[in-house]
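Read the structure below first, then the notes.
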Amino acid sequence: MAGSSRETFPERVCCPRSGGAAITRRQALERLAALAAGALIPWPLRAAQGPAELALVRNGEAAELTGRAIAELGGMRRFVSPGARVVLKPNIGWDRTVEQGANTHPEIVAALIALAIEAGAREVRVMDHSCNDARRCYQRSGIEARAREAGAQVIHLREGRGTEMKIGGELLATWPVHREVIEADVLINVPVAKHHSLSSATLGMKNWLGAIDGNRNQLHQQIGRASAELAAFFRPALTVLDATRVLLRNGPQGGNPDDVSHPRLVMAGIDPVAIEAFGATLLSLGPDALPQIALAEAHGLGKRAWERASLTSVDLGS
C-alpha cells in the first residue's frame with residue numbers, strides 16, 4: 001500500500017550476518033578488474049566448522065565451475081535427499097543462443113541435473129515461463145536438449161495456466177503461480193546475470209517472474225518490491241548464479257555478442273540476498289541500485305554483505 005511503512009513479507013530466517021555499506025561504482029570496477037586478472041581478493045574463506053554459505057568459483061568451463069561450487073557448499077546431498085523431487089528454475093526467457101548471454105548456460109543446468117540425480121533425486125524437472133515462443137527459447141538456448149540428455153523432464157510453463165495463490169506481500173497479496181514450480185521437495189534457482197533496460201539488472205530474485213502467470217509486465221512498475229516478495233514466497237533451497245557470460249547492455253534480450261562479457265564465474269549458495277548483491281557488482285551496480293536487495297534483507301531473506309559471508313573462493317585457473 002502506498003505510504004505504508006509496514007512490510008508484509010512471509011517470515012523467514014536465513015543465516016543472519018553483519019551488514020555492509022553500499023559499494024561505489026569505482027569499487028565495483030576495481031573488483032571486476034581484480035577478478036579478470038585472477039588477483040587474490042581478500043574475501044573470507046570458509047570457516048572450519050561446517051560448509052560455506054556461498055561458493056564463488058572462477059576461470060573454468062560452465063559445468064566445471066558448477067560442480068566445484070556445489071562441492072564447496074558440501075555437495076548436492078546437502079540439498080537433495082534420496083527420493084526427492086527437484087525443480088530447477090533457469091532463465092529460458094528468450095529466443096537467443098548461448099553466446100548472446102540472455103539465458104542460463106545449458107551446461108550449468110545439465111551439471112545440476114546430474115548432481116541431483118547422483119544425490120538420489122527421484123525426478124528432476126526443468127521449467128520456465130518464457131517471454132518469447134517457448135519452443136524456440138528452449139531449443140535455441142540449448143537447455144531443452146542438454147536437460148533431457150542429463151535425465152530431466154522438461155516442462156514449458158504456459159500462459160493462462162497459473163493458480164491464484166497467497167503470496168503474502170504488500171504489493172502481491174495474491175497472484176497466479178505455476179503450481180509445477182512449487183510442487184517439489186527441492187527448488188533450485190538458476191538465474192543468469194545480465195542487464196535489464198527497465199530494472200537495471202536481472203539476477204536471482206527477478207528470475208521468479210518466470211514462475212508466475214498473469215500480467216507480468218505490470219509488475220515492472222514496482223519490480224524491486226515484486227522481485228523481493230516473490231523471492232520470499234518461493235524461498236529456494238539453493239541459488240546458482242550463472243556469470244559465465246554477462247550481458248552488459250541491451251538486456252534482457254540482447255542479441256549482439258559484443259554486448260557480452262565473459263567473467264567465467266559461478267556463485268552458488270543459500271543466501272539469495274548476498275548472491276543478488278554480488279551479481280549487481282558484475283554490472284557495476286551497488287546494492288542500493290536494486291531495491292529488492294534492501295527489501296529482502298530487511299525481512300530476513302539474507303544479507304547483502306557477501307564479502308563478509310561464510311564464503312569460499314576458488315580460482316580454477318591458478
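Read the figures in this text as sums done on the coordinates, not as results from a lab. Remember, predicted model here, so these are calculated numbers, not experimental data. For neighbour counting, all protein chains shown are included, and Cβ atoms are generated from backbone atoms with ideal geometry for every residue, glycine included.
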Using the Kirkwood radius built from alpha carbon pairs, what does the Stokes-Einstein equation give as D for the stretch 171-230 at 10 °C and 1.306 mPa s, in µm² per second?
129 µm²/s
With label points set 7 Å from each Cα along the Cα-to-Cβ direction at ASN215 and GLU123, the distance between them in nm comes to 3.4 nm
Before anything else, pin down the relative contact order of the stretch 43-315: Cα pairs under 8 Å, at least 6 apart, normalised by residue count, whole percent.
26 percent
Sequence gap at least 6, Cα distance under 8 Å: using those rules, report the relative contact order of the stretch 126-266 to the nearest whole percent.
23 percent
dims of the stretch 168-318, Cα set, principal axes, largest to smallest, nearest Å -> 48, 36, 29
Would you kindly state how much longer the chain becomes between HIS156 and ASP185 on full extension, computed as 0.36 nm times their sequence separation minus their alpha carbon distance, in nm to one decimal?
8.5 nm
quick shape note, the stretch 129-229: Cα extents on principal axes in Å, largest first -> 41, 30, 24
Burial ordering of LYS89, LYS166, fewest other beta-carbon atoms within 10 Å first
LYS166, LYS89
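If you count, for each residue, the other Cβ atoms within 10 Å and average over each peptide, how do 69-76, 158-165 line up from highest to lowest?
Averaged packing, sorted descending, gives the order 69-76, 158-165.
Rounded, prolate or oblate: which fits the stretch 43-315 when a ≥ b ≥ c are the square roots of the eigenvalues of the alpha-carbon gyration tensor, with rounded for a/c under 1.5 and prolate only if a/b beats b/c?
Rounded, because the longest to shortest axis ratio a/c is under 1.5.
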If contacts are Cα pairs under 8 angstrom and at least 6 residues apart, what is the relative contact order of the stretch 47-187 in percent?
24 percent
Nearest-5 percent of antiparallel DSSP beta bridges in the stretch 43-315?
50 percent
Simple label model, 7 Å out from Cα along Cβ direction - LEU198 to ALA145, nm:
3.2 nm
Reduced to Cα centres, the span from the stretch 165-218 to the stretch 45-112 in Å works out to 19 Å
So, by mean Cβ neighbours within 10 angstrom, what's the order for 226-232, 181-187, 214-220 with the highest one leading?
226-232, 181-187, 214-220
